[in-house]
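Structure, as structure tokens:
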Amino acid sequence: PLVLSIESSCDETAMAVTDSHGVVCASVVATQIDFHARFGGVVPEIASRKHTEAIVGVLEETLAQAGAHFGCDTLAPSDLAAVGVTSGPGLVGALVVGVAFAKGLAVAADLPLIAVHHLEGHLMANLFETPDLKPPFVASLVSGGNTMLVHVRAWGDYEVLGSTIDDAVGEAFDKVAKALGLGYPGGPVISKLAAKGNQRAIHFPRAMMHSGDYSFSLSGLKTAVITYIEGENRAGRPINLPNLAASFEAAVVDVQVAKAKTAVEETGVSDICIGGGVAANPELRAAYQKTFGKMGVRVTVPPMRACGDNAAMIGIPALRSYLAGNFAELTLDAAPNAPLGAWSTPDAPVPP
Ligand code: ATP
Ligand code: MG
Ligand code: FE
């Protein structure tokens, strides 16, 4: 059986086909970055419209790619066994496009429908290269819209230890890049600059580092960076971009590592993983390896290609739900604030 998965929660229109062993037979990502870049962030109205424009073409390309995988021209919707779709969280107008399309396809091709939680997809992207990752473990989910520490007690059984009270980590990268006129998304460009800079050049606050809980706050750091930029501009001093980027990034990473370390100690797990678009950040990856390596705790990360939004990662929970018969009703609706664990399939087997 082949499961089609659909992702449209933010600014990527993506689909994938996964076979019953978890092999990704096709994966197509149509990004809208170019349409949002000039605004320095995702414009929800544009996102919805671009999803609507792209979605049929993405299906055709995905079915053709899957066809090539099996040595034929293209697959037909009737070759599929089920359709899974990211139903939340995300931008409501963006989610709605994928959910409505999935429901239409489910009716037209007589396929069962599966609801998938976007962050469970980011989390399970770790299984691509580390199929033996087994709960219990701690997960740092760091993306454009979310920042949280999760105690994964079992697949589908998630205890959110804490999350950000304002901005997400990826959002902070994006806003700092915007303030510097570096475009969108900010993460890749800031981390590239940071690699050439001095982390100790400028001291930025490590908000809530010692708050004694697992909450995060990023908006003060963003403001501190913007205030610094304005101050240098006023004084007529040129800004050393690599030093600024490295100092900002270090402030972010220090807090993530410190709280993740406490979470690992308190839960007593021997594995930690990172998920979400910011999992692509080399400094964050290196800092986790360094800290947890010393503690004998294994660090797992998704492959670079599966860090940002894609549908292959959505295919993993979709396949698990398919194998367990966990289907959604056709009344399924976009759920922009769905809590982690919504629609999960506890204890379902993870396919090899
Ligand atoms: P969510 O997953 O919370 O719904 P999202 O889907 O919009 O949000 P992702 O696509 O998962 O977010 O991640 C995108 C974010 O990752 C952007 O904010 C981007 O700047 C950030 N990002 C990407 N690469 C890097 C990097 N190398 N360093 C830091 N941040 C990065
Ligand atoms: Mg995106
Ligand atoms: Fe995401």
* To do: Need at least 2 residues that are over 26 Å from Gly186 (Cα atoms) and not β-branched (Val, Ile, Thr) per element, so show me which strands (runs of 3 or more DSSP E) inside region 57-152 make the cut, counting only ones lying wholly within it.
  => 82-88, 113-117
* Asked: Restricting the search to region 305-352, which residues are of a type in the set (D, E, K, R), more than 19 Å from the chain's Cα centre (by Cα) and over 21 Å from His21 (Cβ atoms)?
  -> Glu329, Asp333
* Could you tell me whether Ala102 is surrounded by 21 or more Cβ atoms within 10 Å (Cβ to Cβ), over 30 Å from Val269 (Cβ atoms) and more than 16 Å from ligand 2 (Cβ to nearest atom)? => yes
* Structure fact -> Of the residues in region 293-352 that are within 16 Å of ligand 2 (Cβ to nearest atom) and in a loop (DSSP other than H, G, I, E, B), the one that is surrounded by the fewest Cβ atoms within 10 Å (Cβ to Cβ) is Pro336
* Among the candidates Leu319, Leu332, single out the residue that is away from ligand 1 (no atom under 16 Å from the Cβ), at pLDDT 95 or above and in contact with a Gly (Cβ under 7 Å, 6 or more places away or on another chain). => Leu319
* To do: Can you confirm whether region 60-81 contains a residue that is modelled with pLDDT of 95 or more, within 16 Å of ligand 3 (Cβ to nearest atom) and surrounded by 20 or more Cβ atoms within 10 Å (Cβ to Cβ)?
  => no
* Structure fact -> Those residues of region 252-292 which are in contact with a helix residue (DSSP H, G or I) (Cβ under 8 Å, 6 or more places away or on another chain), of a type in the set (Gly, Ala, Ser), in contact (Cβ under 8 Å) with a residue 40 or more places away in the chain and in a helix (DSSP H, G or I) amount to Ala260, Gly277, Ala279, Ala280
* Asked: Does Val107 qualify as being crowded, with 19+ Cβ neighbours inside 10 Å and of a type outside the set (Ser, Thr, Tyr)?
  -> no
* Restrict the check to region 303-325 and report whether at least one residue is hydroxyl-bearing (Ser, Thr, Tyr) and farther than 15 Å from Val152 by Cβ. => yes
* To do: Hey, can you tell me all the residues within region 173-199 that are within 16 Å of ligand 3 (Cβ to nearest atom) and part of a loop (DSSP other than H, G, I, E, B)?
  => Tyr184, Pro185
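The values are calculated or read from the model by the stated rules, or taken from the named source; none is laboratory data. Since we're looking at a predicted model, the values are computed, not measured. Neighbour counts are summed over all protein chains in view; Cβ atoms, including those assigned to glycine, are modelled from backbone coordinates with ideal geometry.
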